[in-house]
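Beneath this line is the structure, given in structure tokens, with notes to follow.
The values are calculated or read from the model by the stated rules, or taken from the named source; none is laboratory data. Everything numeric here is computed off the predicted structure, so don't read it as measured data. Side chains are part of the model used for accessible areas, which takes the heavy atoms of the whole protein and leaves out ligands, DNA and RNA. Shrake-Rupley method; radii C 1.70, N 1.55, O 1.52, S 1.80 Å.
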Amino acid sequence: MSQIELWFGEQYGKENGRYLQIKVDNVLEKVKSPFQEIAVVDSPAFGKILANDGIIMLTEADEAGYHEMIAHVPLCAHPRPEEILVIGGGDGGTVREILKHSQVKRVDVCEIDEQVVEVCRRHFPNLANSFDNVKVHLYHEDGAQFLTIRKNRYDVIIVDSSDPIGPGTTLFTESFYQSIFYSLKEDGIAVSQMESLFWHGKFIQGIFQFIKKIFPLSTYYYTMVPTYPSGMIGFSFCSRKYHPIKDFRPEEAAKLADLKYYHTDLHKAAFVLPAFARDIF
Ligand code: SPD
């Protein structure tokens, strides 16, 4: 029996002395794209893991809590979510959840790194098969550039990004949020990956300073993902008209199939934040 143990170490936050380690059975693939190093490893505790530049993007065991919450919260708050844009999301998990809504007519996906999609097609067909749906249109472009020629176009925009380092940096800027505002229809909703309340409070506070100036309604909600830094990750909810709870459609939530995390009570509870977060927003 081999005495050699392989461990994956999460790189995001390591410089601050925080380090999650996961035991690994095999490295299944490692490719270098023009944007990042993409790796898939197999682990006994979490199944297959997708890591870009050493940062966990998803694991088979806990991806549902992230993808269900980034997709169903805005789609159950908008009364007619028909035209949807996903920026990032090259693994297909967010699109898989969006397609559970029968009102959706078209999903544009703008993922800058084509190789993320290819790797996920090989290792995560349960997520990436969603790109084969006829409603889905995949583009490999820079997200900010993509928005510049698409104004007043989408009911819901979902920014399923990596962290604000590497290729994801521009997706956390004021000018990007300004572009999102103009690419939404006049009653549109945008939701973006927005880091951890525990570890990135100052960063989130900085983003909300400009979000509040751009959108008439903005707030933060969260989900639990054991393999993300601090075990939780949040989302900014930015809306031109609809309120995430007052306009929530529980009848739409009740229709959704194959859910592991999201449900009607959780839709509302996800917006209830701990006391320390009052200083952030
Ligand atoms: N710290 C990692 C945060 C990554 C969030 N997005 C991952 C993409 C999953 N579709």
In this structure, among 135/268; 100/255; 151/185; 48/268, pairs with alpha-carbon gaps over 19 Å are 135/268; 48/268
Of the accessible area of the range 142-237, computed with a 1.4 Å probe and all protein chains kept, carbon and sulfur make up a percent value of 56
Restricting to Cα pairs under 8 Å and 6 or more apart, the percent relative contact order of the range 191-240 works out to 49
Of 177, 221, 19, the most mobile residue in a GNM of the chain (C-alpha springs, cutoff 10 Å) is 19
Asserting the computed 222 nm helical MRE of the chain (DSSP H runs at least 4 long, -39500 (n - 2.57) per run, divided by residue count, to nearest 500) equals -7500 deg cm²/dmol
Counting only protein heavy atoms and leaving out ligands, DNA and RNA, the solvent-accessible surface of residue 153 at a 1.4 Å probe, in Å² to the nearest 10, equals 100
Carbon/sulfur accessible area of the range 39-120, % of total, 1.4 Å probe, equals 47
Helix 174-183: inclination vs the chain longest Cα principal axis, degrees, rounded to 10, gives 60
Averaged per residue, the 1.4 Å probe accessible area of the chain, protein heavy atoms only, in Å², is roughly 43
